[in-house]
Amino acid sequence: MEIDTLIHADWVIPVEPEGRLFEDYSVAIDAGRILDILPTAMARQNYRAKKHHELPGHALIPGLINAHTHSAMALFRGLADDLPLMTWLHEYIWPAEKRWIDEEFIHDGTQLAVAEMLRGGTTCFNDMYFFPDITARVTATAGMRATVGLIVLDFPTIWADDADAYLHKGLEVHDQYRNHHLIRTAFAPHAPYSVSDPPLERMRVLADELEIPVHMHVHETRDEIKQGLQQHGNRPLQRLSDLGLLSPSLLAVHMTQLEDSELTDFALTGANVVHCPESNLKLASGFCPLARIDALGVNIALGTDSPASNNDLDMFSEMRSAALLAKGVAGDASAIPAEKVLSMATINGARALGLSNEIGSLLPGKAADLVAVDLGSPDTLPVYHPISQLIYASGRDKVSNVWIAGRQVVKDAVLTTLNLEEILLRTRKWQAKIAKTREFPGYKPG
Ligand SMILES: [Zn+2]
């Protein structure tokens, strides 16, 4: 049988079922989908492929899914570090956004982020930022997947003036990408402290109608809880529950401040948690009790958060940080093993986004979103347990080839759909402009 592509690798890690490992296996791809996963010897007999990829020493895994980011903020990477969340937001990030964000910024910032993510084995991201239409266009042009957030805030920004306008513009973007094969949408109310009840109520009805997820920062810091108690008389999770927002379509990002009883109630709603360990650590937001949440059966996905608070979009380092931090917080070295954290970065992200029939694992019939990782270098040999090696010894620099819907977007570590030199040139122009004019209260030149 003649097909489009055959990829032969030392190990194929389908992620479903968790922990499964195939040695000397091949993946057969046709018309953008996985057709078959079978022993290499058999694959050579059964299929004739237009394209062959021989990947000795490599592991093949599903494309990684970054379940929470603000991608265009890549242009603010390293602008303000070593600050608590509210100081960072109010005194640095929000003023910088006000000064710099326009359509060109979003275009160039998203392209920079997409280049970084593809090279690091991320094939899909869940975004929350301004001009989601531009983020969608840039991402689709690069052949990458995204769920773009239809952002909602109470206060005016360059994207919209008030909550009604945010919702209206968001619905336009949703309509524009309704049937796109790479782009999906989700409502993205920023956080409990930045969106009031009426728009949240309206958004819940619309999300049910359109059957799209709701993506929100929830219980990120102690200050958020304090503010919720002062402004609304209850903790934000209680308020979201009263508004009917806790459901399987919710992606609750961060979740570091949790009482036992509210965690048990949350688990019963079927809502998803998106864990962003490096952003939580860097902003000292608190510790998400990952092992406890997992034990309650909650679907946990992983995200990097923005490249201004991380400061990268590296899902390999996020997986390692998640596994290590979970063990430290639980006081248990067996908490969140390597297989589980790989699931979080793949199939769990797909589940949270409502895309698990399409992506997140290597199964016949699913879209061919695959990442080849070279485990043959001095820092990853010997290989006794390939999945452990991926999490604890490997990194994004070991990603050699990436396919999305069967199209090769990274070939031998080189981007095939984007002009990297041009992206770097435009990034340097932004760097020069932003560096020259930053005027922040605590800014120390140097
Ligand atoms: Zn965030």
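Computed from the coordinates by the stated procedures, all read-outs in this text should not be read as laboratory data. Computed from a predicted model, the values in this text were never measured in an experiment. Cβ sites come from the backbone with ideal geometry, for glycine too, and all protein chains shown count toward neighbours.
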Non-local amide H neighbours of T147 (under 5 Å, H modeled in plane, Pro and chain starts lacking H): which ones?
F125, N126, D127, R184
Cβ-Cβ cut-off under 9 Å around S247, Lys and Arg +1, Asp and Glu -1: the net charge is 0
For L250, other-chain or 5+-apart residues with amide H closer than 5 Å (H placed, Pro excluded) are V214, N272
Once a ≥ b ≥ c are taken as the square roots of the eigenvalues of the Cα gyration tensor of the stretch 1-147, is the result rounded (a/c under 1.5), prolate (a/b larger than b/c) or oblate (a/b not larger than b/c)?
prolate
Full-stretch length increase - S196, K51 - with 0.36 nm per residue and alpha-carbon distance subtracted:
46.9 nm
Using θ = phi - 60° and the Karplus curve 6.51 cos²θ - 1.76 cosθ + 1.60, what whole-Hz ³J(HN,Hα) does each residue of the stretch 267-283 get, with Gly and Pro shown as x?
4, 5, 7, x, 6, 9, 9, 10, 9, 10, x, 6, 5, 4, 5, 5, 8
Please give the helix 197-210 orientation as an angle from the longest Cα principal axis of the chain, in degrees from 0 to 90, rounded to the nearest 10.
30 degrees
Two decimals is fine: what's Rg over Rh for the stretch 297-373, C-alpha atoms, Kirkwood radius as Rh?
1.00
What lysines sit close enough to K169 to cross-link, taking a C-alpha to C-alpha distance under 20 Å and skipping anything fewer than 8 places away on the same chain?
K98
Taking Cα pairs under 8 Å and at least six residues apart, what relative contact order does the stretch 177-222 come out at, in percent?
47 percent
Of S306, L415, A338, farthest towards positive along the dipole that unit charges on Lys, Arg, Asp, Glu beta carbons give the chain
L415
Averaged over all viewing directions, the convex hull of the alpha carbons in the stretch 321-446 casts a projected area in nm² of 12.8 nm²
So, R0 is 30 Å and r is the distance between the beta-carbons of Q227 and D162; what FRET efficiency does that work out to, to 0.05?
0.90
Take every DSSP beta bridge whose two residues both sit in the chain, then give the antiparallel share in percent to the nearest 5.
45 percent
Where does helix 420-437 land angle-wise versus the long Cα axis of the chain, in degrees 0 to 90, nearest 10?
20 degrees
Share (percent) of C-alpha pair distances in the stretch 202-259 greater than 15 Å works out to 49 percent
In µm²/s, what is D for the chain at 10 °C and 1.306 mPa s, where D = kT/(6 pi eta Rh) by Stokes-Einstein and Rh is the Kirkwood radius from Cα pairs?
72 µm²/s
Quote the relative contact order of the chain in percent (integer), defining contacts as alpha-carbon pairs under 8 Å separated by 6+ residues.
21 percent
Using the Karplus curve 6.51 cos²θ - 1.76 cosθ + 1.60 with θ = phi - 60°, what ³J(HN,Hα) values do you get for each residue of the stretch 393-408, in whole Hz, with x for Gly and Pro?
10, 8, x, 5, 5, 8, 6, 9, 9, 9, 10, 10, 6, x, 8, 7
In whole Hz, with x marking every Gly and Pro, tabulate ³J(HN,Hα) for the stretch 251-257 from phi via Karplus 6.51 cos²θ - 1.76 cosθ + 1.60, θ = phi - 60°.
9, 8, 8, 5, 6, 9, 10
What's the FRET efficiency of R44 with D312 using the Cβ-Cβ distance as r and R₀ = 35 Å, to the nearest 0.05?
0.35
What percentages, rounded to whole numbers, describe P(r) for the stretch 253-409 computed over all alpha carbon pairs with 5 Å bin width beginning at zero?
2, 9, 16, 20, 21, 16, 10, 4, 2, 0
More than 17 Å apart - percent of Cα-Cα pairs taken over the stretch 78-198:
60 percent
Order of 258-266, 288-296 by packing, highest average Cβ count within 10 Å first?
288-296, 258-266
At what distance in angstrom do the alpha carbon centres of the stretch 265-310 and the stretch 35-102 lie from each other?
18 Å
How compact and how long is the stretch 35-122, expressed as Rg and Dmax of its alpha-carbon atoms in Å?
21.1, 63
Kirkwood Rh, Cα Rg: Rg to Rh for the stretch 28-85?
1.26
